[in-house]
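To start, the structure itself, in C-alpha cells.
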Amino acid sequence: MTPWWKKAVVYQVYPKSFQDSNGDGIGDLNGIISRLDYLQKLGIDAIWLSPVYQSPGIDNGYDISDYEAIDPQYGTMADMENLIQEAKKRNIRIVMDLVVNHTSDQHKWFIEAKKSKDNPYRDYYIWRDGTDGEVPNDMKSSFSGSAWQWDENTKQYYLHLFAKQQPDLNWSNPELRQKIYDMMNFWIDKGIGGFRMDVIELIGKDPDKAISANGPMLHPYLQEMNKNTFGNHDLMTVGETWNSTPKIAEEYSDPARHELSMVFQFENQGLDQQAGKEKWDLRPLNLGELKKVLVKWQTDIDFDHAWNSLFWENHDIPRVISRWGDDGKYRIQSAKMFATVLHLMHGTPYIYNGEEIGMTNYPVDDISQVEDIESINMYNERLAKGYSKQDILKSINAKGRDNARRPIQWNDQENAGFSEAKPWLKVNPNYKEINVEKALKDPNSVFYTYQKLIKLRHENPIVVDGDFKLVENTGDSVLAYWRILGDEKWLVVANLSGEKQKFDHKVDIKKWLLGNYDERKSLENIELEPYEAFALVEK
Ligand code: GLC
Ligand code: CA
C-alpha cells in the first residue's frame, strides 16, 4: 500500500512569522490555529512546523534549551496539543522539526557538561584538548569561523558546527541517544505526523578526522533511531541532507533499510554560487544547469526503492521568484511556472509559507536591519577581511535567510494583518499588492494554481506514481517532461526563462489540465511566452 506521505503535499510554517494572535509582534501557535481553515482550503496534508520548543532564540529556535517544553513566545503545551487536534480535524498532520545535531548552550545538559570534566553530562557533547595551544583541527562552523570554542573553565574546546551557542551533541554516547529517542517518543505519543530532521547528515560525524556530513555512523544511528521510535508508527520522516547524491538518498530512503521516508537534497542551491566558494560568492544561474539538476533527481533515483522531496523554498533560502524568476513584471507567471514544474514531478512537494501567494525577497540597506545570525556573522567576518559593506550587503540581499522569514502578508491592513504590534522583522512593503486576502478574491491568482496542483496530485495516481521521462532537445530554457502510468501520459511544458522560446512538438491533446497563459490547441511550431507553463493529457 502506498504510504500517505507519498501522496501528500506538505506546507512549511515558520512560526515566528506566520500569524501573531496576542499583539506582541511574534507569530504563535494560536495564530497558526486561526489559519488552519486557510490551509485546508489550499488543500495541504501536513504542516512541517519549524521549531517551537523552548529556546533562547539565537538561531530562531534551532537552538533548543528544552525539547519537551514550548517556548512561551509561541504559547503553551496545551496550545500545541490543541494545534495537533485542530489540524487533525482538518486532515492535516503536524510534522515536528527535530533538531538533534546540537542543543542550545542553555540546555541543562550543556550547563552541566561545562561544569567539570567529570560531570555526568560531559560526554553528551564533543570536547577536545587543543593542539599546540590552538584549535584541535580546522573544522569550520557554518556560521563563520572555527567550529571549536574554547571553554576557559575546563580548559578544553567544544565542537559547534553552527553558532557557538549551539554545541554539537555527541551521538557516540549511547545514553545520549536513548535520551533523544525518549524525547521523540514523547512527541509521537502526542499524535504528531512525523519529523523533519535538521542537518541529520551530521550526526554520524568523526570530528578527529574532521568528517562532519555522511560520517561512518550516520546510517547505523538512523536505523537504531527508526527501531526505537517511529519505525512502528505511520509517520513521515524527512532528513535535511545538503550533501546527498542520488545514491546517498537511496541509502536514507530505501524502505528495506528502515531509515527515513525521504530526504531534502540541495544540489540546485550551488548553481548560483562560485565553484568551491561560499553561498555568498554570487554568480548568475545557468538555466541549462538548473534543468540538468532537476532532471537528474527525477531519473537517477529508483522511486521503487527510494523517495525524494520537491521544493523551491524554505526558511534558509531566498524566495524563488526573486532568485531565479521575476518578482516584477512576470511575478505571477513565474510563480505559477515554478509551481507547475515542481508539483507535477515525482516525489513529495513542499510549499514554504507565502510561496503560494508569490511572496518576494526584500532587500535591506544596512546591517542594522538584519536579524539572521548567519548573515550577521558573515558580515563581521568579511568586513574584517576587507570586503566592502556594499558587496557584503549585496550577498545578503541575494542569499540571506531573512528574505524568506518576513511576516506572512495576510491583507493590506497595517503590518499586513500579521500583527497589531510592530513585527519582529519588518514586513515587505509590497503587502498592499501581494497578500492572501487579495489572492483569494482573484481566481487567477498564484494561490489557485497551487490549489489546483494539489488537487491534481490527490486525484490522479499518475502524479504520485507515474514514471518521469524528459522530452529531449528542447534547449536549455525549456523543460518539458512526460509522466507515464500504464496507458496514461501527461505532458508538462515550462519556459524557465523570461524570454520567448521556440517549441515544437506534435501531440494530440486529450485534455488541457492547467496553464498560466491561454489554453493551446496545438504545440506545433509555437513560441512559448515568458515563464509559460502548462500541463495536458495526451491522447
Ligand atoms: C538547518 C536549519 C537552519 C539552522 C541550522 C542549524 O540548516 O534549517 O535554519 O540554522 O540547521 O540548526
Ligand atoms: Ca504572539
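The values are calculated or read from the model by the stated rules, or taken from the named source; none is laboratory data. Since this is a predicted model, take the numbers as computed values, not measurements. We place every Cβ from the backbone using ideal geometry, glycine too, and count neighbours over all the protein chains shown.
Let's see how each residue does on (1) part of a helix (DSSP H, G or I); (2) farther than 20 Å from Trp312 by Cβ; (3) in contact with a strand residue (DSSP E or B) (Cβ under 7 Å, 6 or more places away or on another chain):
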position	(1), (2), (3)
Asn380	yes, yes, no
Gln390	yes, yes, no
Asn397	yes, no, no
Ile408	no, no, no
Asn411	no, yes, no
Glu420	no, yes, no
Leu425	no, yes, no
Asn430	yes, no, no
Glu437	yes, yes, no
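The set of residues from the stretch 319-342 being closer than 21 Å to Ser50 by Cβ, touching a residue at least 60 places away in the same chain (Cβ under 8 Å) and surrounded by 23 or more Cβ atoms within 10 Å (Cβ to Cβ) comprises just one member, Arg319.
A Cβ distance below 7 Å, combined with a sequence gap of six or more or placement on separate chains, defines the contacts here; from the stretch 55-70, residues that are within 14 Å of ligand 1 (Cβ to nearest atom) reach residues that are basic (Lys, Arg) in the pairs Asn60/Lys16. When Lys88 is tested against (1) in contact with a Gly (Cβ under 8 Å, 6 or more places away or on another chain); (2) within 21 Å of Asp198 (Cα to Cα), just one condition goes unmet, and that condition is (2). The one condition from (1) in contact with a Ser or Thr (Cβ under 8 Å, 6 or more places away or on another chain); (2) not in a loop (DSSP other than H, G, I, E, B); (3) not acidic (Asp, Glu) that Gly498 does not meet is (2). Summed over the stretch 11-52, the residues that are within 11 Å of ligand 2 (Cβ to nearest atom), among the acidic types (Asp, Glu) and either surrounded by fewer than 21 Cβ atoms within 10 Å (Cβ to Cβ) or closer than 26 Å to Leu310 by Cα (or both) give a count of 1. Among the residues examined, Gly27 qualifies as assigned to a loop (DSSP other than H, G, I, E, B), touching a Lys or Arg at 6+ places or on another chain (Cβ under 6 Å) and not aromatic (Phe, Trp, Tyr). Contact map, the stretch 477-505: residues that are touching a residue at least 60 places away in the same chain (Cβ under 8 Å) paired with residues that are among the charged types (D, E, K, R), Cβ distance under 6 Å, separation 6+ or inter-chain. Pairs shown: Leu479/Lys291; Trp490/Arg483; Asn495/Glu532; Gly498/Asp326. Just one of the listed residues (Gly276, Gly239, Gly231) is farther than 22 Å from Trp5 by Cα and small (Gly, Ala, Ser), and it is Gly276. The condition of being part of a strand (DSSP E or B) and not acidic (Asp, Glu) holds for Trp150.
Listed by first and then second residue, the pairs with beta-carbon distance under 6 Å, at least 6 apart or on different chains, first residue in the stretch 74-102 and closer than 23 Å to Tyr352 by Cα and surrounded by 20 or more Cβ atoms within 10 Å (Cβ to Cβ), second basic (Lys, Arg) and modelled with pLDDT of 95 or more, are Val95/Arg196; Asp97/Arg196.
Got at least one residue in the stretch 99-112 being touching a helix residue (DSSP H, G or I) at 6+ places or on another chain (Cβ under 7 Å) and within 16 Å of ligand 2 (Cβ to nearest atom)? Within the stretch 99-112, none of the residues are touching a helix residue (DSSP H, G or I) at 6+ places or on another chain (Cβ under 7 Å) and within 16 Å of ligand 2 (Cβ to nearest atom).
Residue by residue, here is whether (1) farther than 19 Å from Asn60 by Cβ; (2) of a type in the set (Ser, Thr, Tyr); (3) within 16 Å of ligand 2 (Cβ to nearest atom) holds:
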position: Asp138; (1), (2), (3): yes, no, no
position: Ser146; (1), (2), (3): yes, yes, no
position: Gln156; (1), (2), (3): yes, no, no
position: Leu169; (1), (2), (3): yes, no, no
position: Leu176; (1), (2), (3): yes, no, no
position: Lys179; (1), (2), (3): yes, no, no
position: Asn185; (1), (2), (3): yes, no, no
position: Ile192; (1), (2), (3): yes, no, no
position: Met197; (1), (2), (3): no, no, no
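Considering the stretch 306-336, the residues that are assigned to a loop (DSSP other than H, G, I, E, B) and under 23 Å from Glu250 (Cα atoms) include one that is nearest to ligand 1 (Cβ to nearest atom), namely Asn314.
Remark: pairs (first residue in the stretch 191-219, within 14 Å of His160 (Cα to Cα) and surrounded by fewer than 23 Cβ atoms within 10 Å (Cβ to Cβ); second residue modelled with pLDDT under 95 and among the basic types (Lys, Arg); Cβ separation under 9 Å; 6+ apart in sequence or on different chains) are absent.
Among the residues of the stretch 462-472, is there at least one that is of a type outside the set (Asp, Glu), closer than 29 Å to Asn286 by Cα and without any contact (Cβ under 8 Å) to a residue 24 or more places away in the chain? Yes, there is a match, as at least one residue in the stretch 462-472 is of a type outside the set (Asp, Glu), closer than 29 Å to Asn286 by Cα and without any contact (Cβ under 8 Å) to a residue 24 or more places away in the chain. Yes or no: the stretch 322-345 includes at least one residue that is within 16 Å of the chain's Cα centre (by Cα) and either of a type in the set (Gly, Ala, Ser) or within 16 Å of ligand 2 (Cβ to nearest atom) (or both). Checking the stretch 322-345: at least one residue is within 16 Å of the chain's Cα centre (by Cα) and either of a type in the set (Gly, Ala, Ser) or within 16 Å of ligand 2 (Cβ to nearest atom) (or both). Filtered by the rule that a residue be of a type in the set (D, E, K, R), outside any helix (DSSP H, G or I) and either within 17 Å of Asp20 (Cβ to Cβ) or in contact with a helix residue (DSSP H, G or I) (Cβ under 7 Å, 6 or more places away or on another chain) (or both), the stretch 46-86 gives Asp59, Glu68, Asp71. The C-beta contact set for the stretch 145-163 (first residue within 11 Å of Gly130 (Cβ to Cβ), second residue part of a strand (DSSP E or B) and acidic (Asp, Glu), distance under 8 angstrom, 6+ apart or interchain) comprises Tyr157/Asp151.
Say whether the condition of being within 17 Å of Leu479 (Cβ to Cβ), over 17 Å from the mean Cα position of the chain (by Cα) and touching a residue at least 40 places away in the same chain (Cβ under 8 Å) is met by at least one residue in the stretch 364-376. So far as the stretch 364-376 goes, no, none of its residues is within 17 Å of Leu479 (Cβ to Cβ), over 17 Å from the mean Cα position of the chain (by Cα) and touching a residue at least 40 places away in the same chain (Cβ under 8 Å). Across the stretch 87-104, the qualifying residues are those that are more than 24 Å from Lys164 (Cα to Cα) and in a loop (DSSP other than H, G, I, E, B), and the one among them that is nearest to the chain's Cα centre (by Cα) is Ile92. In this entry, Pro443 passes the filter for residues that are over 22 Å from the mean Cα position of the chain (by Cα) and either surrounded by 20 or more Cβ atoms within 10 Å (Cβ to Cβ) or farther than 29 Å from Asp24 by Cα (or both).
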